[in-house]
1. Under 37 °C and 0.692 mPa s, how fast does region 388-443 diffuse according to Stokes-Einstein, given a Kirkwood radius computed over C-alpha pairs? Answer in µm²/s, whole number.
2. Can you send over the solvent-accessible area of Lys501, 1.4 Å probe, protein chains only, in Å² to the nearest 10?
3. Could you compute how fast region 3-237 diffuses translationally, taking Rh as the Kirkwood radius over C-alpha pairs and applying Stokes-Einstein at 4 °C with viscosity 1.567 mPa s? Give it in µm² per second.
4. What share of the DSSP beta bridges in the chain is antiparallel, in percent to the nearest 5?
5. Using Cα atoms only, what is the angle between the long axis of helix 106-115 and the major principal axis of the chain, expressed in degrees (0 to 90) to the nearest 10?
6. Can you compute the modelled spin-label distance between Thr262 and Ser431, with each label point 7 Å from Cα toward Cβ, in nm?
7. What Kirkwood hydrodynamic radius, in Å, does region 88-218 give when the mean of 1/r is taken over all pairs of distinct Cα atoms and then inverted?
8. Top to bottom by accessible area (1.4 Å), largest first, where do Arg315, Arg416, Arg110, Arg47 land?
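The values are calculated or read from the model by the stated rules, or taken from the named source; none is laboratory data. Computed from a predicted model, the values in this text were never measured in an experiment. Using ideal geometry, Cβ is built from the backbone for each residue, glycine included, and neighbour counts are taken over all protein chains shown. These accessible areas exclude ligands, DNA and RNA; they are computed on the full protein's heavy atoms, side chains included. Shrake-Rupley method; radii C 1.70, N 1.55, O 1.52, S 1.80 Å.
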Amino acid sequence: MCGIIGHVGNGNALETLLTGLENLEYRGYDSAGIAIQNGSGIELEKRSGEVTELKNAVDRSVLEGCVGIGHTRWSTHGPPTDANAHPHTDEALDVAVVHNGIIENYAELRAWLKSEGYAFTSETDTEVIPHLIQYYLDSGLEGEAAFRSAIADLEGSYAVTAMIAGEQVLYAARKGSPLVVGVEDEEFFLASDVPAFLEYTDSVVFLEDGDVVVVDESGVEFTDLEGNPISREPETVDWDPEQAGKGTYDHFMLKEIYEQPTSLSQAIEGRIDGSNKRICLESFDPGTFTDVESVQLIACGTSYHAALYGAFTLRQAGIQATAVLANEYSVAAPPVDDDTLVIAVTQSGETADTLNALRKATAEGARTLAVTNVVGSTAARMADDTLFIRAGPEIGVAATKTFSSQVVMLTLLAQRISEDRSGDPTTDLESYLPELARTPSAIETILERSDAGTIAERYADSHAYFFIGRGLGYPVALEGALKFKEITYEHAEGFASGELKHGPLALVTPKTPVFAVFVGEEDEKTLKNAAEAQTRGAPVIAVCPAGHEATEIADEHLEIPDTDPDLAGLLANVQLQLLSYHSAELLDRPIDKPRNLAKSVTVE
Ligand code: F6R
């Protein structure tokens with residue numbers, strides 16, 4: 001949610017900043033801007049629209065210099081206009097600032113700064129920051145002290161990067177929003193996320209809340225808010241730059257759908273001891289989960305659907321488990337005690353709602369575990385323990401491969417918790433483990449043979465799209481509908497198949513295809529529910545294995561290979577991802593950047 005990039009080095013900053021912004025566009029894409037120190041002062045270009053608009057607008061002879069900052073925005077305060085785009089500056093262009101987060105006390109600060117004579121030109125909360133820095137400079141403070149004083153006045157969440165005219169320095173601070181530092185010989189980067197500069201360096205320092213950094217050509221100085229030096233060591237990230245590019249695919253989303261055989265193999269690698277039929281989870285020694293009495297999974301959006309999937313497999317393994325929307329958890333969390341394990345499921349590890357729920361669970365005394373994709377993310381650092389899903393960078397705003405990897409991670413974890421509590425590998429593992437090992441090739445088969453494109457075309461003029469499923473098919477139906485509405489902008493809803501007759505059936509017409517997911521649990525009931533919709537004229541598309549009895553009644557079917565019931569939903573979901581993708585393509589939607597959305601939602 002909003003992408004920040006900063007550069008200090010020998011070469012010209014402009015192209016590095018523009019490329020960085022393109023790599024960060026998944027975080028927001030309604031306006032973009034750049035500010036560069038060009039020797040005589042700060043030069044600025046910003047405008048509403050995507051980074052391409054900015055790229056076409058910049059005057060390369062003016063925006064020339066080695067130190068600069070850039071921003072791609074997802075609006076919170078003020079619509080996406082040129083004036084509201086970042087960087088924000090003071091009136092004389094002596095200070096330029098990019099910001100991600102929300103300044104909660106901006107109204108008071110703005111009123112006070114106005115009364116001191118500072119003129120505002122935007123509706124954003126961010127604009128108070130350059131004026132505050134300018135206020136402290138006007139009061140006689142030097143650059144670093146002025147920056148620190150301004151930061152001390154802010155309430156809310158921020159990742160801020162600032163520069164002051166005439167100084168070849170970047171100042172940055174972090175509280176509640178992500179900020180990382182990239183280090184490469186004599187070149188330094190500041191960014192909201194690693195893909196921004198991955199093609200230049202894989203050596204990264206993940207800043208913590210309360211960190212303030214000063215970057216110049218001699219290096220990076222890490223301090224706390226009071227200015228005391230702190231130690232922060234770079235980590236090497238093992239994502240390669242090609243993973244963060246689109247390659248030969250038209251869209252990141254399609255690339256990421258096709259990456260699932262690989263990303264799932266990575267998620268599984270080293271985590272199955274085939275000979276002993278045991279699950280090995282890194283630092284978790286056998287018996288780690290013996291005392292776990294109940295599990296709560298907290299997550300949002302697609303990750304919530306993975307959490308529902310995980311809760312279901314945990315309950316099947318005899319463990320009390322519930323998935324709760326993270327944004328609801330803070331309102332009324334189920335009770336926890338020290339035998340409760342709270343699992344935060346979050347691809348980015350930065351979702352504000354999920355982090356708040358995690359904070360609450362920690363405060364209540366629960367043991368916490370993060371299931372995330374991003375090393376160094378806030379969730380990974382906040383939770384007692386972390387399991388990484390190892391999906392590689394996901395750039396498309398619509399989550400695809402990370403959902404699959406979260407599901408696999410959670411099903412492995414469910415088996416492992418059950419094994420620890422009972423002292424024995426569960427009997428389920430005999431069927432589950434070999435099928436899990438075959439899942440990457442089962443997905444390859446789907447990707448090679450899917451008819452999703454044809455089905456998308458056949459139902460392209462429908463009025464609404466419904467998705468139903470039972471048991472583990474239910475979170476898949478929800479996820480199928482979320483993906484569909486997110487990237488096609490068409491009305492799509494997911495229901496537990498048994499619920500259709502309790503209300504939603506009133507919406508069913510010949511223009512509302514019903515996609516029914518069959519995962520091998522009480523399929524005969526789902527079949528009856530699908531038939532009830534079909535009787536009312538709705539076309540039914542079954543997502544099921546070849547030869548399944550659903551193929552006899554359904555109008556069409558999308559085929560999945562036969563597998564263990566714990567994994568069938570995962571395979572069905574791949575077909576539904578392809579369906580959404582092809583439907584959005586037919587409608588010519590901006591698939592990787594759906595309107596109004598952004599990846600990594602760092603506001604509540
Ligand atoms: C939908 C999607 C979102 C995210 C949600 C949580 O395709 O990607 O619904 O799943 O914003 O994000 P994370 O997993 O980063 O916490």
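1. Details: Rh = 12.8 Å.
My calculation gives 257 µm²/s for D.
2. Its accessible surface works out to 100 Å², give or take rounding.
3. Values: Rh = 17.1 Å.
This corresponds to a translational diffusion coefficient of 76 µm²/s.
4. Values: 62 of 101 bridges.
The antiparallel fraction comes to roughly 60 percent.
5. So the helix axis and the longest Cα principal axis differ by about 20 degrees.
6. Result for the modelled spin labels: 3.3 nm.
7. Numbers: mean 1/r = 0.0663 Å⁻¹.
With all distinct Cα pairs of region 88-218 included, I get 15.1 Å.
8. Working: Arg315 120, Arg416 5, Arg110 50, Arg47 80 Å².
Largest accessible area first, the list is Arg315, Arg47, Arg110, Arg416.
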